[in-house]
Every structure is written in structure tokens, then in C-alpha cells.
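The values are calculated or read from the model by the stated rules, or taken from the named source; none is laboratory data. Because the structure is a prediction, the values reported are computed rather than measured. Cβ atoms come from the backbone with ideal geometry, glycine included; neighbour counts cover every protein chain shown. These area figures cover heavy atoms from the full protein model, side chains too; ligands, DNA and RNA do not enter into them. Shrake-Rupley method; radii C 1.70, N 1.55, O 1.52, S 1.80 Å.
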Amino acid sequence: MSAGPAPLLGDPVTRLGGVGPRRAADLARLGAATVADLLTIWPRRHRDRSRVTPISQLAAGGVYHVMGTVRDVRVQPHFGSDVTAHVYLRDGSAELDVLFFHARYLARMLPAGSRLWLSGRVDRRGPRLVMVHPEWERVDESAPSRGIVPIYPLSGELSQRWMRSLMERVVPAYAPQVADPMPSAVRAAWSLPSRAWALQHLHFPDSAEDAERARTRLVLDEALVLTVGVQWLRQRAVGGVSGIPLQPDGPLARRFVAGLPFQLTPAQSRAWAEVAADLEKGAPMARLLQGDVGAGKTILAVLACLAAVDAGQQAAFMAPTELLASQHADVLEEWLSPLGVSVGLLAGSEALRGDTRAQLEAGAIDVAVGTQALVQERTQFHRLALVVVDEQHRFGVRQRSELASKGTYPHLLVMTATPIPRSLALTVYGDLELSRMLGRPPGRQPVATRRAARAERREVYQEVLAAVRRGEQAFVVCPFVDPSESSDAKSAVQVYEGMRTVAGWRVGLLHGRLPAAAKADAMQAFRRRELDVLVATTIVEVGVDVPNATVMVIEDADRFGLAELHQLRGRVGRGRQAGRCILVADPAGEDGEARLNALVECQDGFELAERDLEIRGPGEVLGLRQHGVPGFGLTRPTEDLGRLQAAQRMARQLLDQDPDLQHRDHAALRASVLAALGEALPSTVLH
Ligand code: ADP
Ligand code: MG
């Protein structure tokens, strides 16, 4: 440690000896800015010598930890510049083949004779068992080491060894200083260890049982803080806070429905009845609308906006990206300006923003469309009565609580195509009522989905060209923006350049790194049919609606998650014509195979998303960490269901006795909830 007084928990990590600006930046990417944050960089797993399985006892399909010595490494070039490293590992009982793709560097890092610890899934390839892309670490036999060692997530230039030695200094010194949010009475009643003990033993357990006991305690902390916060948020709806009653069946809404070229489906009508009943009331609505991709959620959002305008109020319509916001603005403008309702876009260039903002403040805009900046910045609405949020999973608890802090309590309608498992829904979305819209509008066929090998790309593009000649449009989606990001997988720039030179079609390019104006231009040109093919990244994943697009080619489809692929293919076949989706990939492992096959077989978004949650975990799928569910880094809702329920019981008991947590023994919990959700909770709690 550096000279001078020892750093405090809240100090930046750079106050610690050996942590300079470069490493601080790497740590920041892992979510740690302060010394206290380091304590919650959770180990991804532990290397436990007592849990190593002899190679001779491995069986296909299982996940194992293995330790052994490298006999040989061979590098095999294929697919052009692609390289596969074959590592042959022996442990005295047998030999295991280990495969790493795109791994020219590995040959140098793993000379014969190195000792390795590996963790991964074992598959069968012909007669031999292989581990593909396991987690791995060199084991230094000469260094003294404990039996059970944490494996941390890394970023930038951080090494496992460096992280571990940092944590060995930080955890024992600082864990005892951390406040314990769990009231002592609860801790005693449930026989739980202290948070300090749990932190120490989650990082550096003496046994697997220790680690589990520590994890239980820390998961309960996460869930308890979140459950209390969400229950407090709920008070806004039930605690007599008043909202503004809207007019769900007013003249504008009726004219809008009459002008639609279709009837509302029964599912839409049912969901709308639930929403409308809430909007009429004085208490602010807080409702989550779930419906598969293409279920027709936007219409309901528009009806809700009209209910606000009919009541003389303003509505805000929030999308997760600028691109989607500008598309929604276009669509709303098209639908609403004939009714004399003014729509304004608050995203994009600053100039436009200033202007629109002034109109908004003056009340000249009825429906403002934008990104989260709509509620986060000092955007002032003249009389905001409704907030619609498209794609809920990116709008977390914290953002919901920020809404409440605007002083008024607007009605809140959040929409998502991602199904949320019950266990998680109660904890994370317990403040929201739920409406589900099953099925899709009539006449919509499933998106015929098939797989193609990379060697068949030529035929695939012939098919695209044929569709274009019939006047249809196509998306080509790539996993990367430009070729420098991957020597192996397709990039949008590369595919775009390749297609541009082919006569017969008009091709556009769309990816996240383009300036906002260029993105909007490309999207608009595609919508106006000035382009036949749009080559894009997953930026088109969420909500983009171009009814004339019928074909989607997804390059290197095994690089995407299941729910992501389903969202992507939901972009085609949204008009009268059936959609087709072609997944181009030569997947490396069984996982990739399974995911692509599931997509070919299954059209049900809920079912697919549930499989995806199992494969990748909810943190990743729902974007919990990045998108405002604070400190939910350790909990795994499927397997921690029992713990989530326990935390719900604890929260209920505590809040029954002491609704605002005013008791001294509850002060630390109260502080944790406020720190996690900001001071943006109902005033009943804060004063
Ligand atoms: P999502 O639920 O994925 O947001 P959208 O609201 O974008 O779906 O709707 C998908 C498409 O279905 C849009 O082109 C929309 O105009 C159309 N649509 C919505 N409701 C109906 C309906 N009742 N009948 C026919 N088409 C509909
Ligand atoms: Mg949508």
C-alpha cells in the first residue's frame, strides 16, 4: 500500500498501492470505481483442487474441472485466416483434446510441459472426448497456493494473478468495515452469517460449503434490498399518491381506431381494457405489457397516448435507442398528425433538441418521443401525464424510481417482448401490474427459418436477389461492424462492400458507430423502399418495423443469443407477405447447434426466451446490471428461486412492523435501499 493514511472504503481504487490509471480504467469496466466496489467483483467461480475430475472419468455432456500437463500443441489453419489450436492435455489417467478457435497466440502461451487447470463442457467428437473453449489458467506449482482459489472476471490488461493478489489485500482489510444491511434480528432468526464473513468467504472460502453459505447470505442481501425498494415504489400506486385521470375512450382514440386498416385482435382488446381501466383512475398506473415480437404492442401505446391528449395532457414515448425513437416518431407522426396531434422527437442533434424542448415546455407538443434522456435530463414537460416505455428490460428499477421523483406521478406503461420468470418478476417488477398479450395479429405466418452452411452463401444470396427482383426487401445482419473486430466472422462493412459492387440491387449500411443522422437516413431510405437490402448489426434487433421486408439473412448466426435471434427474425414478415430467415453458420460447439435448431423448430418467443434464460442467465438476457437493477450481480433467479422467496418474506415482515424502516436496527438496510435506488422514492418514505 502507498504511504499516507490508508484509503477509505469510498476512495477511488487509485488510492490503493499498485493501482494506476490504466488498471483503474480496466477495473472501472468491471464496475469498480471505489475500494468498496472491489468487494463486489464476484469471482466467476473457484478453482478447487479437491473438485478436479480425472480425465479418464469424464463423460460427454458434463461440465468438469480438469488439471493436467500439456503434451503438445498443434495449430491448424482453416477457413482462410482462421486458426484452431489443439491442446493435448494429460493427467496420468488419460489424455484430453482441448480445442481453441481463433487462437494463434495460444501456441506460444502454452508450451509443452505447462500445467493447466481447465473448466468446461466435455463433448464427443468421433471416438475422442474434447473440451471446446474451456475456461483455463496456468497453474504455477512453485508458488504457494490455497486449495480453493477465486477466478475473477477480467478486462483489458488485468491478469488473474494480479486480480487475485489485489483481492487478497483488499477483502480482509475492508470487508469488516462494510455496513451490514440485514437487521440483526433477521440475521439471528434465519441463522445467517455477517456480511463481512460472507464477503471474505465468497472470495476466499475454506471449503465449498463455506462458499455456498457465503453466497446464500449475499444473494439474500441483493434480493432484500431490491424487494424493499420495489415495495416502496409500489406505494406510489397504492399509497394514495394521486395521478391524473385520463380519457381512454375519447374522441381522438375513437377516430384513430376507426381509421385503422385492421381490427384490434381479441388479445389487444383485452390488454387495452386493462390499461384503459387504470388510466381512468386517479391513482397512477404502473403496468407491464408483455407480448411476443410482432404482437402489436405499439397500437396500445398509441391509444394510451391519445387518452392523455384527449384529457388535455402530454405523453412521453421512450425507446431504448435513438434509432428506434426516430422510427417510432415517424410512425406516430404518420398516424397522429391527421388527427391534429403533434408529435416531437427529442433525440439526435442538439440544435433540434433545443427547439423541440422549448415547444415541449410550452405545451405545443402532445406526444414526445425519445430515449431515456426524456426522463433523465431536465426535460420539462408542460403537463406530463403518461410515460410509455418500449422494451422494458432496458428500463430498470432505478429509472422507474426516477420517474416518480419528477414531482408528478405520471401513468407508466412499459412494454416488453422478453418474458420474465415469475421468481424474478416478483422481486424486480413487483411494483408493476402485468398484462399479457398472447398470439399475433391474424394473417401473420410464422417466419420460415432454416439453416445454411457457410459454403452455401452463394445460393443464399441468389435467393435474396430473387426476392428483391419481386419487389421485396431484405436485411442482412452481421455480428460485427468492421473486419478488424474478428478475423473469422462476417462484418457488416465487409458484406456491404461486397454487395455494393454487385449490379442489380441497392444496398444500405446501418450500424451503431454511424453518426445518428446517417443511421436515420439509412433507416428512412429502407422504409421508403429506396434501398433493397439493408446490411446491419443487431441495431435492427429491437422494434424496427418495415412491412415490405420479407427476407433476413443472419451471418454467423451462432454468434448471437437465442432471444436476440428471435427478435431479429421478428423484423421480417410483418406485412402481408410471409417472412423468411436464413441462419448462415458452421457452429463450433453443441451449444451453437442446439440454439440454431431451437430457432428453426420453435416460433414461440416466450418458450425461446425461457430457454435462453437457462443458457445465458438473466443478468445477460435482461441486461439487469447495465440497465438499472442495482447490485443484482450474484443472484441467478432460476436456481436462487428459494432465496428470492425468502427475501420476499423477510421484506414483508420488516415492512409490516416498520413500513419506512425508521427503527435504528433498520437504518443500514434503509441506507442500502436508498443508495441502490437513489433518493427517488415516494416522499412518504423519504420524510
Ligand atoms: P410489437 O408488439 O413487436 O411492438 P408492432 O406493434 O410493431 O409489434 O406491430 C407489428 C405489426 O403488426 C405492425 O406493422 C402493426 O401495424 C401490425 N398490427 C398491429 N395490430 C394489428 C392488428 N390488430 N391486425 C393487423 N395488423 C396489426
Ligand atoms: Mg415494438
Projected onto the charge dipole of the chain (unit charges on the beta-carbon of Lys, Arg, Asp and Glu, signs +1, +1, -1, -1), the Cα from V533, V309, P251 with the largest positive-side position is that of V533
Once both label points are put 7 Å beyond Cα along the C-beta direction, the R383-S191 separation in nm becomes 6.1
Simple SL model, points at 7 angstrom along Cα→Cβ for T14 and K281; separation in nm is 5.1
Between the modelled labels at S484 and D665 (7 Å from Cα along Cα→Cβ) the distance in nm is 6.0
In terms of the alpha carbon gyration tensor, root eigenvalues a ≥ b ≥ c, rounded if a/c is under 1.5 and otherwise prolate when a/b exceeds b/c or oblate, region 22-101 is oblate
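Considering lysine pairs in the chain that are 8 or more places apart or on different chains, how many have Cα atoms under 29 Å apart? All intermediate terms of the calculation are to be shown ahead of the outcome.
Details: K281/K297; K281/K406; K297/K406; K297/K519; K490/K519.
Qualifying lysine pairs in the chain: 5.
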Counting only backbone N atoms under 11 Å from a point 7 Å out along Cα-to-Cβ of T69, the residues of region 89-114 in range are 90-92, 113-114
Sorted by chain and then number, the residues having a modelled amide H within less than 5 Å of the amide H of R451, at least 5 places away or on another chain, are L583
Checked region 448-602 with the C-alpha gyration tensor, a ≥ b ≥ c its square-rooted eigenvalues, rounded below a/c of 1.5, otherwise prolate if a/b is larger than b/c and oblate if not; verdict rounded
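Sort region 421-510 into rounded, prolate or oblate with this rule: let a ≥ b ≥ c be the square roots of the eigenvalues of the Cα gyration tensor; rounded if a/c is under 1.5, and if a/c is not under 1.5, prolate when a/b is larger than b/c, oblate otherwise. Please report the intermediate quantities before stating the final value.
On the way: a/c = 2.75, a/b = 1.71, b/c = 1.60.
Here region 421-510 falls in the prolate category.
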Regression test value, accessible area per residue of region 251-437, probe 1.4 Å, units Å², expected 35
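Can you pull the Rg over Rh of region 556-600, Cα-only, Kirkwood? Intermediate values should be presented prior to the final figure.
Working: Rg = 11.2 Å, Rh = 11.1 Å.
Rounded to two decimals, Rg/Rh equals 1.01.
Using packing as a proxy for protection, rank 148-159, 255-266 so that the peptide with the highest average count of other Cβ atoms within 10 Å comes first.
Numbers: 148-159: 16.1, 255-266: 12.4.
The peptides rank, most packed first, as 148-159, 255-266.
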By the mean-Cβ-within-10 Å protection proxy, highest first, 431-442, 194-205, 300-311 rank as 300-311, 194-205, 431-442
One checks the Cα atoms of the chain and finds Rg and Dmax, in Å, of 27.2, 81
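For region 50-138, what mean projected area does the convex hull of the alpha carbons give, in nm²?
Details: hull surface 22.4 nm².
Over every viewing direction, the Cα hull of region 50-138 projects on average to 5.6 nm².
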Once amide hydrogens are built 1.01 Å from N within the peptide plane, the residues lying 5 or more places from V535 or on another chain with amide H under 5 Å from its amide H are V476, G508, L509, L510
With only helices counted (DSSP H, runs n ≥ 4, each -39500 (n - 2.57)), the per-residue ellipticity at 222 nm for the chain, to the nearest 500, works out to -11500 deg cm²/dmol
Burial-style ranking of 534-540, 107-113, 477-483, average other-beta-carbon count within 10 Å with highest first, yields 534-540, 477-483, 107-113
Here, region 1-54 modelled as identical Cα point scatterers in vacuum has Debye log10 I(q)/I(0) at q = 0.24, 0.26, 0.28 Å⁻¹ of -0.89, -0.99, -1.10
Cα-only Rg/Rh for region 155-236 with Kirkwood Rh rounds to 1.07
Toy charge model, Lys and Arg Cβ at +1, Asp and Glu Cβ at -1: region 448-602 dipole around Cα centroid in debye, rounded to 20, equals 800
Taking alpha-carbon centroids only, region 243-295 lies from region 477-524 a number of Å equal to 38
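Pull out the extension gain between R29 and Q160, defined as 0.36 nm times the separation in residues minus the alpha carbon to alpha carbon distance; nm, one decimal. Kindly include the intermediate steps, with their values, before the conclusion.
On the way: separation 131, 0.36 × 131 = 47.16 nm, distance 1.54 nm.
Stretched fully, the R29-Q160 segment lengthens by 45.6 nm.
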